[in-house]
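No value in this document is a laboratory result; all are computed from the given coordinates. Note that the structure is predicted; figures quoted are calculated from it, not measured. Every residue, glycine as well, gets a Cβ built from its backbone with ideal geometry; the counts of neighbours run over all protein chains shown.
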Amino acid sequence: MTFRQPGWLLVLPATLAVAMFLGIPVFDTFSTTFTDSTGFLSNYEKFFTSRFRRAVLWRTTEIALITMIASLLIGFATAYVVSRAPKKLKSLLIIIAVFPLLTGVVVRSFAWLVILGKNGILNQILLSVGVIAEPLSMLYTEGAVIVAMVYLFVPLMILTIVGVLEGIPEDLLQASASLGATPFATFWQVVFPLAMPGLIVGAVLVFTGSFTSYATPQLLGGEQQMMMGTFLRQRAMVTFDWTGASTIAAIMTVVTIIIVLAMGRVARRLNPAAV
Amino acid sequence: MHTRPHPVLIGFACLVFFFLLAPLVIIIGASVSDTTFLTFPPQGLTLHWYENIFEVSAFKRTMVTSFILAVTGTSLSLIVGIPAAYALNRYRVQLPSFLSTVFVLPILVPEIVLGFSLMKTVTTAMGFPIFVSLVIGHALLVLPYCVRVVSAALASFDFSIEEAAVSLGCPRWKAFFIIVLPNVRAGVIAAFILALITSINDVSISLFLTGPGISTLPIQLLAHMEQFFDPTIASVSVLLMLVTVGVMAVVELTLGLTFLTK
């Protein structure tokens, strides 16, 4: 293999662009976290000994996990119905799922600001029904962030899972049924294992997406529900503590990469045939 | 024959689709309310808030910036991404496998980390102008989409057609433009559209790369929301939804939307 081969020349511009504008800047961010005069890891020590910072990391992990599990459950059930729907209806349902996905994060988070606000629709409905006597403050709570995030990620989950469900040959289900399996048994023993790779891909996308999100926690969580993304932004642009911000950035990246690699391993173990 | 899912499951799916659409309907309703605050159901009916979009100069300006940025970033990304995707498929055997991972890296690094790092290194240390840094950030953001979608189209392309042209005396570069590219046109269009919409909606990268005088629409929207709570935001949101509808129509016409589930 020589560098004169055209293949190398063709991948070169893109590779250089990634190396120069992603590799160098991100490496730079990471390396500044290790150069504290009091010790190699002292920035991380500072992070993990601060009660407030630990709470931000823990809250972020918790919200991302809950969002992931809720999106998996909702997405799988919905995707199952979509994949069994007649062809025309199926296309319509997919269009409805794609539409929010292509509408920006800011717009979709903003909608929940209107719904959950003090004078929001939900409060109005609850007041008029008489469930509550006074408007609830739902904004800037963990629940508000989670609801908006689930709303953000369910379409992605539906589309990912519909993709794998569609790939399951109808023959397998027929074989299972003709050999006497109940629909329930067919679901758990045939559909579920075959859908596993899709569920894992969806789970990874949702977890990393919510773990590193900014707009949703900023709008619906505010200062009270600081998450890693909003915390990073605050450190970098409000207090100008770039080393602190870099430490947050490094932790976010490491968590993301660990999750992606770990879930990839799980996927391979569960289904060696797939990728 | 398809077995019908349990009625409870169907009912649940209906609720989910209601949950997906209701917030967007609420925004549309709020955008025509004749009140100075956001409310739903709308009180009165007015298009004033749509006129207001074009009266608030910050919205006008950032809309133009976002559009130019998306087109420039996506085009740059395709210019380096298409040759890379081609080489990864055409010379699969000769190229080391880690190369295909290189182009997925922008996904592994959280967007917000990339945005922050670009601000620190490219804007501050290297002294690139803010708009150039924005273009670089957005081009990197959409590179994985470009490479993967074009790659997917190339995967089903029969390279022996190209070989036939070359063996009949067609220069390699010409064979690429008249044989390969037209055959993967749908993939390129899809990549362009997906990348464009991703770039226009981006918050996390632009967040650090906007400064006085230069901002993108989503960042401007966020800033506006923190100060005002009037229906202008709703009307801008509806405008963005209309863009989405337009994009979906184009995708449907060129590839079919079911393409997105693959």
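Listed values, structure above:
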item	result
Karplus 3J(HN,Hα) series, Hz, for the stretch B:215-228 with 6.51 cos²θ - 1.76 cosθ + 1.60 (x for Gly, Pro)	8, 9, 4, x, 5, 4, 4, 4, 5, 4, 4, 6, 9, 10
Partners for A:K90 among lysines (Cα-Cα distance below 24 Å; same-chain residues under 8 apart left out)	B:K262
For chain A, calculated [θ]222 nm from helices alone, where every DSSP H run of n ≥ 4 adds -39500 (n - 2.57)	-23500 deg cm²/dmol
Karplus 3J(HN,Hα) series, Hz, for the stretch B:114-121 with 6.51 cos²θ - 1.76 cosθ + 1.60 (x for Gly, Pro)	4, x, 4, 5, 5, 4, 5, 8
Percent of C-alpha pairs per 5 Å bin, the stretch A:55-171, short to long	2, 11, 16, 17, 16, 15, 12, 7, 3, 1, 0, 0
Normalised alpha carbon radius of gyration of the protein assembly as shown [divisor 2.2 N^0.38 Å]	1.01
Cα-based reach from A:K118 at 13 Å (exclusive), listing aspartates and glutamates while leaving out same-chain residues under 8 positions away	A:E134
Sequence-distant lysines (8 or more away, or on other chains) whose Cα lies within less than 30 Å of B:K120	A:K46, B:K60
Cα-based convex hull, the stretch B:146-262, per residue volume (Å³, whole number)	142
Calculated log₁₀ intensity ratio I(q)/I(0) where the Debye formula runs over C-alpha points of the stretch A:49-270, q = 0.09, 0.11 Å⁻¹	-0.47, -0.67
FRET efficiency, B:T124 to B:H6 (Cβ-Cβ, R0 51 Å, nearest 0.05)	0.30
10 Å-binned pair-distance histogram of the stretch A:178-275 (Cα, whole percent)	14, 30, 23, 17, 10, 4, 1
Selection from A:A181, B:S57, A:T29 lying farthest towards where the dipole of the protein assembly as shown points positive, charges on Cβ	A:A181
Whole-Hz ³J(HN,Hα) from phi, Karplus 6.51 cos²θ - 1.76 cosθ + 1.60, for the stretch A:234-251, glycine and proline x	5, 4, 6, 10, 9, 9, 6, 8, 5, 5, x, 4, 5, 4, 4, 4, 5, 5
Cα centroid separation - the stretch A:32-46 against the stretch A:106-155, whole Å	41
Rel. contact order, % - alpha carbon contacts under 8 angstrom, at least six apart, chain A	25
Selected from B:F157, B:Q220, B:L38, residue furthest toward positive end of dipole (chain B; charges at beta carbon)	B:F157
CD proxy at 222 nm, helix term only [per DSSP H run n ≥ 4: -39500 (n - 2.57); per residue of chain B; nearest 500]	-21500 deg cm²/dmol
The stretch B:93-138 versus the stretch B:165-190: alpha-carbon centroid distance in Å	29
Percentage of interatomic Cα-Cα distances in the stretch B:57-227 larger than 20 Å	56
Unit charges on C-beta of K, R, D, E only; dipole of the stretch A:49-270, Debye	280
